[in-house]
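Below is one structure; the comments refer to it alone.
What follows draws every value from the coordinates through simple rules; no lab data is involved. Just so we're clear, the structure is a prediction, and the values are computed from it rather than from any experiment. Every residue, glycine as well, gets a Cβ built from its backbone with ideal geometry; the counts of neighbours run over all protein chains shown.
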Amino acid sequence: MKKRLRKKLRLGEFREFGFEVQFRLPADLAEDAMWAFSDAFLQQAIEGNSLICGGSCGRNWDVFVTRAGRGSATEQQRAAVSAWLQQHPLVSETRVGPPIDAWLSGRGDR
């Protein structure tokens, strides 16, 4: 496969990696506090590390995190998100997954 096509399809040396993040907030957390936490998490842990995420949030978070723009999330960025969650008193059952191909889903085996 030609380099131009590999780049367009994000294959080979152009693969991009991200990671899954899952955690829980207390069930009895007030809605205002939940939104304040969400804002802080997104601004400090995600955007503050030049990352973006998508998925489900609320009291149970299950999101996929990757680098903003082209490229892969680094191990330092992954560690920073994990550390932020570990130090936050509202967060429980934290799981920060290993790096996985951000574009693999829906394309079958490559």
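The distance between label points at S38 and Q22 comes to 2.1 nm (points 7 Å beyond Cα on the Cα→Cβ vector). The ratio of the alpha-carbon radius of gyration of the chain to the globular-protein estimate 2.2 N^0.38 Å is 1.20.
Axis of helix 31-40 versus longest Cα principal axis of the chain: the two differ by about 40°, to the nearest ten degrees. Annotation: extensible slack from L90 through S56 equals 10.5 nm (criterion: 0.36 nm per residue apart, minus Cα-Cα distance). The angle between the Cα long axis of helix 75-87 and the longest principal axis of the Cα atoms of the chain comes to about 10 degrees, rounded to the nearest 10. Backbone geometry of segment 19-25 corresponds, through the Karplus equation with coefficients 6.51, -1.76 and 1.60 at θ = phi - 60°, to 3J(HN,Hα) couplings of 8, 8, 10, 10, 6, 10, 10 Hz, x marking Gly and Pro.
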